[in-house]
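Asks: I'd like to ask you about the structure that follows.
The values are calculated or read from the model by the stated rules, or taken from the named source; none is laboratory data. Quick caveat: nothing in here was measured; it's all calculated off a predicted structure. Using ideal geometry, Cβ is built from the backbone for each residue, glycine included, and neighbour counts are taken over all protein chains shown.
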C-alpha cells in the first residue's frame, strides 16, 4: 500500500513567508508540550519519560500523514486516563510490566485505526454526538482531578476506583503534606490567572519552572516534596512490546474503545480548526495518520496518543500555517531529552499533578450544558447521563455507554420522526405543514402526507398508525392518500411489506393510494417489491402534479368539507 504523504506536499508547496509564524508557533507549543506530556505520562501511570517518548514519533508521523495543518498529535488527557484505567486492570489481573502493556495498548490502538482506515470506517466517529462528547469529557475531567488528589496533597491513595479515591482522601485529611498542598494551590492559581489575563504565554512551562525554582531555592525536596523520577538519557530503542499473550484479548477490547474516542476527538478538533480557517480535512486520512502515530508511539515505548485541542489552539493563535510547526516542536523535544534532562529530573510531582487538574478544568464547560438545556432538553439529558455513566463505571464502559446512547438517540429520532399533513396557507406559496400555520387548509378529499425519515423495520408500525390516524382526522372523507416521499430515501423489506398492507387496507376503504417526489433509489425498491405495479400511474414527480391528477379525477371539483 502506498501511503499518501501529506508532508511531502507541504514541503513541495511551502512558502518562505510561512516560516516565521510556523517557527514561533512550534517553539511556543513545545514549551507547552514538554511539561504537559510529562504530566500525562504520570497520569497514564508510566512516568514522565514515556510521555515525552510518545510525543516524538507522533509529531513526526502526523507531519507526514495528517491532513490538518494545525492539529497537534501526542499524549492527551483522555487517552492517558483510559490508558491508566486499562493497564492498571491488566497488570492487576495478569501481572507484567506496566510500561510494556501501555506500549502494547498503543500498538493495538494503531492497528485498530489502520484496519478501520482500510475498511473505510471513518464515518463511525459520527456516532458520538456533541451532547455525548460534552458529557463524556466532563466525566473524564472529574476522573482526572480525583486521580491527582494524592500527588497535589502528598497523600498516598491506594484505591483505584473513583468513589474509593474520594473516600480515602477525605478519611486521611489529617495526613495532608502542607508544603505540597500550598505549592499545588499556588501553581493552580498561577495557571488560572495566567490563562485569564495572558493566554498566549506558555503558562504550564512557566508554572513548572517556577515550581522547580521554588523547590530548589527552598530545598523543599528535603521537606518531603516528591520529585519526578530521573529521565533516562537519550532516546528509547524501538522495540516490539512482547507480552505473554493472555493480555492481548482484553487489551484489544480496550484499544477499540480508546481508538473510537481518540479518533472522534482528533476529527472534531481538526474539523473545528478547518471551519474556523476555511479549509477542508480528510477524515479517512486522519484515521490513517492517527493509526500510524499510535503504532510508532508504541514501538518507541510510549502509550496511546491523540490530538490536543489546547496545543492546536496555541499554534493557531500564533499564526501557524502548516505542520512545519510540529517539526519545530519535535526538534525542541528532542533537544530537551538530549541536553536538558537533568533539569526535568528536578520537577516536583505536585506540579505535574496540578497541570493535569488545570487541563481538566478546561474540559468542563458549564456554558455548554446551559446551551444544551436551552436548545433541547433531550440533548441536555444525554450529556448528563453520559457524565454519570462515565463516573459510575470504569472509563471503557463509559465509552460503550456514550456510543450506545448516541445510537439509541439516533434510532429514537428515526423511529419516531416528525410527520406532516400538507395543505395550503393563505398568502403563502407552496404546500406546508398545516400544524405550523393557523388558517392552513387541506384539499377536501385529498390527503398529502409527509413522513420525515427513511422507512425501515423500527418505524413501520409508527408510520402506518400515524398515516391512518391522519386520514381519520380529516374533516371530509379522504378519497386519495398521497405519500410525499421527499424525506424517504430508501426502505427495507419490512417497510415494503407494510406499504403493501397499507395499500390493501386503503383500497378496501375505497381510498386511492399514490406517492409523490419518489427518488430513484426508492423507485427501484418499489419496483423490486412489486408495489410499483400495484400503484400504477399514481406515482408523481411533484406535489402539484399529484394535486392536478386528483382534481382531474374529480372533474376539478374537490369534495366539500362535511357539514
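Asks: Looking at 322, 253, 244, which one is touching a helix residue (DSSP H, G or I) at 6+ places or on another chain (Cβ under 6 Å) and touching a residue at least 12 places away in the same chain (Cβ under 8 Å)? Can you show your working first?
Replies: Values: 253 fails: touching a helix residue (DSSP H, G or I) at 6+ places or on another chain (Cβ under 6 Å); 244 fails: touching a helix residue (DSSP H, G or I) at 6+ places or on another chain (Cβ under 6 Å).
Only one candidate passes the filter, namely 322.
Asks: Still on this model: Can you tell me which residues in the stretch 395-424 are out of contact with any helix residue (DSSP H, G or I) (no Cβ under 8 Å at 6 or more places or on another chain) and more than 30 Å from residue 77 (Cβ to Cβ)?
Replies: If the condition is that a residue be out of contact with any helix residue (DSSP H, G or I) (no Cβ under 8 Å at 6 or more places or on another chain) and more than 30 Å from residue 77 (Cβ to Cβ), then 411, 412, 413, 414, 417, 418, 424 are the ones that fit.
Asks: Would you confirm whether any residue within the stretch 205-215 is in contact with a helix residue (DSSP H, G or I) (Cβ under 9 Å, 6 or more places away or on another chain), assigned by TED's automatic domain parsing to the domain that holds residue 301, modelled with pLDDT under 75 and outside any helix (DSSP H, G or I)?
Replies: No, every residue in the stretch 205-215 fails to be in contact with a helix residue (DSSP H, G or I) (Cβ under 9 Å, 6 or more places away or on another chain), assigned by TED's automatic domain parsing to the domain that holds residue 301, modelled with pLDDT under 75 and outside any helix (DSSP H, G or I).
Asks: Let me ask something else. Hey, could you check the stretch 216-254 for residues that are part of a helix (DSSP H, G or I) and under 30 Å from residue 113 (Cα atoms) and say which is modelled with the highest pLDDT?
Replies: Just the residues of the stretch 216-254 that are part of a helix (DSSP H, G or I), to begin with: 216-217, 220-223, 248-254.
Retained after the next criterion (residues that are under 30 Å from residue 113 (Cα atoms)): 248-254.
On the way: 248: 84, 249: 85, 250: 87, 251: 87, 252: 90, 253: 87, 254: 87.
Checking each candidate, the answer is 252.
Residue-by-condition table, conditions (1) under 18 Å from residue 301 (Cβ atoms); (2) crowded, with 21+ Cβ neighbours inside 10 Å:
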position	(1), (2)
66	no, yes
72	no, yes
75	yes, yes
82	no, yes
87	yes, yes
91	yes, no
95	no, no
103	yes, yes
106	yes, yes
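Asks: May I pose another question? Picking from 327, 352, 337, 363, which residue would you name as being touching a helix residue (DSSP H, G or I) at 6+ places or on another chain (Cβ under 7 Å), under 25 Å from residue 113 (Cα atoms) and part of a helix (DSSP H, G or I)?
Replies: On the way: 352 fails: under 25 Å from residue 113 (Cα atoms); 337 fails: under 25 Å from residue 113 (Cα atoms); 363 fails: part of a helix (DSSP H, G or I).
So the residue among 327, 352, 337, 363 that is touching a helix residue (DSSP H, G or I) at 6+ places or on another chain (Cβ under 7 Å), under 25 Å from residue 113 (Cα atoms) and part of a helix (DSSP H, G or I) is 327.
Asks: When you scan the stretch 367-378, how many residues do you find that are closer than 25 Å to residue 79 by Cα and touching a helix residue (DSSP H, G or I) at 6+ places or on another chain (Cβ under 9 Å)? Outline the logic, then answer.
Replies: The first filter runs over the stretch 367-378 and keeps only residues closer than 25 Å to residue 79 by Cα, leaving 367-369.
Next, only the ones that are touching a helix residue (DSSP H, G or I) at 6+ places or on another chain (Cβ under 9 Å) stay: 368-369.
Summing the residues that are closer than 25 Å to residue 79 by Cα and touching a helix residue (DSSP H, G or I) at 6+ places or on another chain (Cβ under 9 Å) in the stretch 367-378 gives 2.
Asks: A follow-up question, please. From 256, 225, which residue is touching a strand residue (DSSP E or B) at 6+ places or on another chain (Cβ under 7 Å) and more than 18 Å from residue 58 (Cβ to Cβ)?
Replies: Details: 256 fails: touching a strand residue (DSSP E or B) at 6+ places or on another chain (Cβ under 7 Å).
Going through 256, 225 in turn, just one is touching a strand residue (DSSP E or B) at 6+ places or on another chain (Cβ under 7 Å) and more than 18 Å from residue 58 (Cβ to Cβ): 225.
Asks: Which pairs turn up if I take residues in the stretch 365-384 that are without any contact (Cβ under 8 Å) to a residue 40 or more places away in the chain and not assigned by TED's automatic domain parsing to the domain that holds residue 140 and look for partners that are surrounded by 11 or more Cβ atoms within 10 Å (Cβ to Cβ) and in a helix (DSSP H, G or I) with beta carbon separation below 9 Å, at least 6 apart in sequence or on another chain?
Replies: none
Asks: Can you list the helices (runs of 4 or more DSSP H) found entirely within the stretch 467-548 that contain at least 2 residues being surrounded by fewer than 17 Cβ atoms within 10 Å (Cβ to Cβ) and over 43 Å from the mean Cα position of the chain (by Cα)?
Replies: Details: elements: 493-508, 520-529, 531-535.
Counting at least 2 such residues, we get 493-508, 531-535.
Asks: Can you say whether residue 307 is in contact with a strand residue (DSSP E or B) (Cβ under 7 Å, 6 or more places away or on another chain), closer than 20 Å to residue 60 by Cβ and crowded, with 23+ Cβ neighbours inside 10 Å, as far as the supplied structure shows?
Replies: The answer is yes for residue 307.
Asks: Would you confirm whether or not the stretch 168-183 contains a residue that is closer than 21 Å to residue 84 by Cα, out of contact with any strand residue (DSSP E or B) (no Cβ under 9 Å at 6 or more places or on another chain), surrounded by 12 or more Cβ atoms within 10 Å (Cβ to Cβ) and without any contact (Cβ under 8 Å) to a residue 60 or more places away in the chain?
Replies: Here is the first cut: in the stretch 168-183, the residues closer than 21 Å to residue 84 by Cα are 168-169.
Subset that is out of contact with any strand residue (DSSP E or B) (no Cβ under 9 Å at 6 or more places or on another chain): 168-169.
Still in the list and also surrounded by 12 or more Cβ atoms within 10 Å (Cβ to Cβ): 168-169.
Retained after the next criterion (residues that are without any contact (Cβ under 8 Å) to a residue 60 or more places away in the chain): 168-169.
Checking the stretch 168-183: at least one residue is closer than 21 Å to residue 84 by Cα, out of contact with any strand residue (DSSP E or B) (no Cβ under 9 Å at 6 or more places or on another chain), surrounded by 12 or more Cβ atoms within 10 Å (Cβ to Cβ) and without any contact (Cβ under 8 Å) to a residue 60 or more places away in the chain.
Asks: Out of the stretch 20-62, which residues are surrounded by fewer than 24 Cβ atoms within 10 Å (Cβ to Cβ) and modelled with pLDDT of 90 or more?
Replies: 56, 60
Asks: If you go through the stretch 425-448, how many residues are crowded, with 18+ Cβ neighbours inside 10 Å and under 20 Å from residue 514 (Cβ atoms)?
Replies: Qualifying residue count, the stretch 425-448: 9.
For every residue, the table says whether it meets (1) modelled with pLDDT under 90; (2) under 23 Å from residue 481 (Cβ atoms).
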residue	(1), (2)
408	yes, no
413	yes, no
420	no, yes
428	yes, no
433	no, yes
440	yes, yes
443	no, yes
452	no, yes
459	no, yes
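Asks: Going through the stretch 475-488 one residue at a time, which ones are free of Cβ contacts under 8 Å to residues at least 40 places away in the same chain and touching a strand residue (DSSP E or B) at 6+ places or on another chain (Cβ under 6 Å)?
Replies: 478, 481, 483, 485, 488
Asks: Could I ask something else about it? Given the options 164, 194, name the one that is within 22 Å of residue 313 (Cβ to Cβ), in the same structural domain as residue 33 (by TED's automatic domain parsing) and in a helix (DSSP H, G or I). Outline the logic, then answer.
Replies: Working: 164 fails: within 22 Å of residue 313 (Cβ to Cβ).
That would be 194, the only listed residue that is within 22 Å of residue 313 (Cβ to Cβ), in the same structural domain as residue 33 (by TED's automatic domain parsing) and in a helix (DSSP H, G or I).
Asks: Here's another thing I want to ask about it. Given (1) out of contact with any strand residue (DSSP E or B) (no Cβ under 8 Å at 6 or more places or on another chain); (2) farther than 30 Å from residue 90 by Cβ; (3) free of Cβ contacts under 8 Å to residues at least 60 places away in the same chain; (4) in a helix (DSSP H, G or I), identify the lone condition not met by residue 429.
Replies: Result: residue 429 passes all but (4).
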